[in-house]
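Here is the structure we will look at.
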Protein chains: 2
Amino acid sequence: MVTKGRTGQPTLEEVAALAGVGRGTVSRVINNSPRVKDTTRHLVEQAIAQLGYIPNRAARALAGSRSDAVALVIPETEKRFFAEPYFSDIVHGVGDGLADTDLQLLLTLVRTEKERQRFLQYARARRIDGVLLVSLHDSDPLPDLLAGMEMPTVLSGRRSGDESVSYVDSDNVGGARAAVHHLSVSGRRRIATITGPLDMYVAQCRLRGYEEAVRDSPGGPRPAWIAHGDFTEESGRRAMSQLLERHPDLDAVFAASDVMAVGALHTLRAAGRRIPEEVAVVGFDDSPIARHTDPQLTSVRQPVEEMGRTMARVLLASISDGASAWQHVVLRTELVRRASG
Amino acid sequence: MVTKGRTGQPTLEEVAALAGVGRGTVSRVINNSPRVKDTTRHLVEQAIAQLGYIPNRAARALAGSRSDAVALVIPETEKRFFAEPYFSDIVHGVGDGLADTDLQLLLTLVRTEKERQRFLQYARARRIDGVLLVSLHDSDPLPDLLAGMEMPTVLSGRRSGDESVSYVDSDNVGGARAAVHHLSVSGRRRIATITGPLDMYVAQCRLRGYEEAVRDSPGGPRPAWIAHGDFTEESGRRAMSQLLERHPDLDAVFAASDVMAVGALHTLRAAGRRIPEEVAVVGFDDSPIARHTDPQLTSVRQPVEEMGRTMARVLLASISDGASAWQHVVLRTELVRRASG
DNA sequence: CCAACCACTGGGAGCGCTCCCATGCACGCG
DNA sequence: CGCGTGCATGGGAGCGCTCCCAGTGGTTGG
């Protein structure tokens, strides 16, 4: 078994005794209640420092019926997100945003239906004060279930049309538009796209950006040449093959992710096309592989760590506000120009 | 503030009432104590199922003076580890290994001295039952400090010579030896290496493997051609330049990480060497970029997710055994042959 | 001069569990 | 038949905190 008994940690009671005040007062000082005289506060703070007192989290949680923890839920259906540093960036950002609170960050992998049920039980039992959800599919019922139990929740990468939830997102439409516009102004006239899985909002947005840019392109609207992928490299290859077959004269491709762009590069090279001379390629995400392809990949950068930080901030707000309002934050994306297009 | 008051969750007391037994008995059932009659146990289990009872973690932690949580500590000094999927694989493995326990996984980023102090306080206050440490430098005092407070700890990537701690590691020496041996038997005679930062045990091990393989190589011992890097791509470039200058006739390079190997590839290509015809290149880690280089990179794979799983297992054991023994697990590595050498 | 009011403060009553001692009961032995 | 012995069980006593109510002492106004 686990080591039992006193850990030698000082308690509230001991701090109170040393400071010559009551338990309640010390509690008030710790929780920043304004109803404490300044002189008393100093006294207590001194005692806390002297004893090296650290509040017992379990006791606080029990007495206050909260948990001092938030969960970062990762639906493991999307392995691809891990092949990119997306995940660790998010974690860093969130960690950063939570750094000067007392909230613990719980990592919750939801890979199977069983794990999902287990997580929901956790949530229902209020073992967590809030939830951060990343990489969600449109069809995922998690947000609604969490809303149903009045659990503060923040999504990254919202779902289509659903505004009754807080989310932090990057400007996928704008990013895609910028990418295609860039291709357009650099003289490309026959621009195709490889989409992500269209049951994901990000994929829909990037497609929309492409379509808007193609429609509004200098020199009048042009047809949209679309092939579908699922964010994997293999799907990028396949989609590129389809595109080459249908439109052998294409001179540019916008892929909705770098990983698919890499697949497209391979197919293009195998087909003997020179990049970027004959075909320009632009990706999305600006993941590290973008710098390791040959030629290096032009891509749309999203501020992932910043997104994590913002998610934490929004969640903190909705925990303390009691979810009185939804917050939607959309962060700017940026085109990073490299050699591929 | 957070929602207060009853969460509607049933309590031990209520389960006991429904089952017609006492609190103690229900507690015993939940904790798998053998001192309960089977008929009673069934009764209680039924009541638990009927009410959908979930034990209150905070109350358990408080009453039992433990915390039901383990920390995965990531010293953020090594950003590079995140550029590879190492981190997410570890997290997955650990999550997996913890899946059917009640332990929470706390993600703890230790980026600054302040965060380090804060983490130590947590540990000292027994807010965690155990610690998993990854990506440690030799000089890091964390393991000793944790040992000093009798905190169960498992490292991944041990430190040099220190056996008085549990660790899970992959066979870096063997992997490096295999890589170099492979170069050797495929006819390479002038094999250089680019090391990692030698204050890290993994880097030392990979260098040792190289040296052993070079010494024992078919056709008699050969000189060791060594340049030092720090696991970054830039350092790989630089080290490769040095090597080319010192040994223009080299015909193979073993880089202690894929990222450095990528740097080496760039330098070699810039110097006009054909790969693998003139110079063979082998990396380490088998990270995704290994498949995105041109030519694709031969590399040594370590079972990272398996390492995470094993770390969890070892930690669980040492939590329940009260750290009576150190466990050392070394997992096999595997050479993945691709086009580069 | 007393009532009314205020800003602070002390400490009782739990939160839901685990630990552990006391109790009850059935059994077996002298 | 009386008394240990041992297992199964009930429930008291906290764990360290927060919440909240009942003071305490000082101030103001009638």
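The values are calculated or read from the model by the stated rules, or taken from the named source; none is laboratory data. Remember, predicted model here, so these are calculated numbers, not experimental data. So basically every Cβ, Gly included, is an ideal-geometry build from the backbone, and we count neighbours across all protein chains shown. In case anyone asks, the SASA skips ligands and DNA or RNA and just uses the protein heavy atoms, side chains included. Shrake-Rupley method; radii C 1.70, N 1.55, O 1.52, S 1.80 Å.
List of remarks:
- A simple count of charges around A:TRP225, restricted to other residues whose Cβ falls under 14 Å of its Cβ and scoring Lys, Arg +1 and Asp, Glu -1, yields +2.
- Nonlocal amide H pairs with A:GLN327, under 5 Å, H built at 1.01 Å: A:SER166, A:TYR167
- 3J(HN,Hα) couplings calculated from phi for the range B:58-69 with the Karplus curve 6.51 cos²θ - 1.76 cosθ + 1.60 (θ = phi - 60°) are, in sequence order, 4, 5, 4, 4, 5, 5, x, 6, 9, 10, 6, 9 Hz; Gly and Pro show x.
- Separation of alpha-carbon centers, the range A:160-214 and the range B:122-180, rounded to whole Å: 45
- Amide H partners (placed H, <5 Å) of B:LEU106, local residues excluded: B:VAL70, B:ALA71, B:LEU72
- Here the spin labels are modelled as points 7 Å beyond Cα on the Cα-Cβ line, and at A:GLN121 and B:GLU277 they lie 6.3 nm apart.
- Summing Lys and Arg as +1 and Asp and Glu as -1 over all other residues whose Cβ lies under 12 Å from the Cβ of B:ASP96 gives a net charge of -3.
- For A:SER186, the distances from its label point to the matching points in the remaining copies are 3.5 nm, ordered from shortest, with each point set 7 Å beyond Cα toward Cβ.
- Distance-filtered residues of the range B:122-156 - backbone nitrogen under 13 Å, label point 7 angstrom along B:ASP321 Cα→Cβ: B:152-154
- A simple rule links phi to the HN-Hα coupling: the Karplus curve 6.51 cos²θ - 1.76 cosθ + 1.60 with θ = phi - 60°, which for the range B:304-318 gives 5, 5, 4, 4, x, 4, 5, 4, 4, 4, 5, 5, 4, 4, 6 Hz, with x for Gly and Pro.
- The relative contact order of the range A:172-301 comes to 25 percent, based on Cα pairs under 8 Å that sit 6 or more residues apart.
- Helical mean residue ellipticity (222 nm; -39500 (n - 2.57) per DSSP H run of 4+; nearest 500) of chain A: -13500 deg cm²/dmol
- Chain B: angle of helix B:172-185 to the longest principal axis, Cα-based, in degrees nearest 10: 30
- Mean shadow area of chain A over all directions, Cα convex hull, nm²: 21.7
- Cα-based helix-to-principal-axis angle, A:38-51 vs chain A, degrees rounded to 10: 80
- The range B:73-193 - percent relative contact order, Cα under 8 Å, separation 6 or more: 20
- Relative contact order (%) - chain B, alpha-carbon pairs under 8 angstrom, separation at least six: 17
- Cβ-defined net charge surrounding A:ARG313, 11 Å radius [Lys, Arg +1; Asp, Glu -1]: -1
- Accessible area of the protein assembly as shown belonging to carbon and sulfur atoms, whole % at 1.4 Å probe: 50
- Rounded to the nearest 10 degrees, the angle from helix A:233-246 to the longest Cα principal axis of chain A is 30 degrees.
- Most simply put, the protein assembly as shown has about 10% antiparallel DSSP beta bridges, counting only bridges with both residues inside it.
- Neighbour cut-off at most 11 other Cβ (10 Å), DSSP loop, GluC sites (Glu not before Pro), the range A:237-297: A:GLU277
- The amide H of B:VAL336, built 1.01 Å from its N in the peptide plane, has B:SER299, B:VAL300, B:ARG301 as neighbours under 5 Å, considering only residues 5 or more places off or on other chains.
- Springs join every pair of Cα atoms under 10 Å in this Gaussian network model of chain B, and among B:ALA255, B:ALA271, B:ALA239 the largest mean-square fluctuation is at B:ALA271.
- ³J(HN,Hα), Karplus 6.51/-1.76/1.60, whole Hz, each residue of the range B:335-341, x for Gly, Pro: 7, 9, 8, 10, 7, 7, x
- Qualifying trypsin sites (Lys or Arg not before Pro) in the range A:36-73, DSSP loop, other Cβ atoms within 10 Å at most 16: A:LYS37
- Bridges between two residues of chain A, per DSSP, are antiparallel at a rate of about 10%.
- Zero-based 20 Å bins, Cα pair distances in the protein assembly as shown, whole percents: 16, 43, 31, 9, 0
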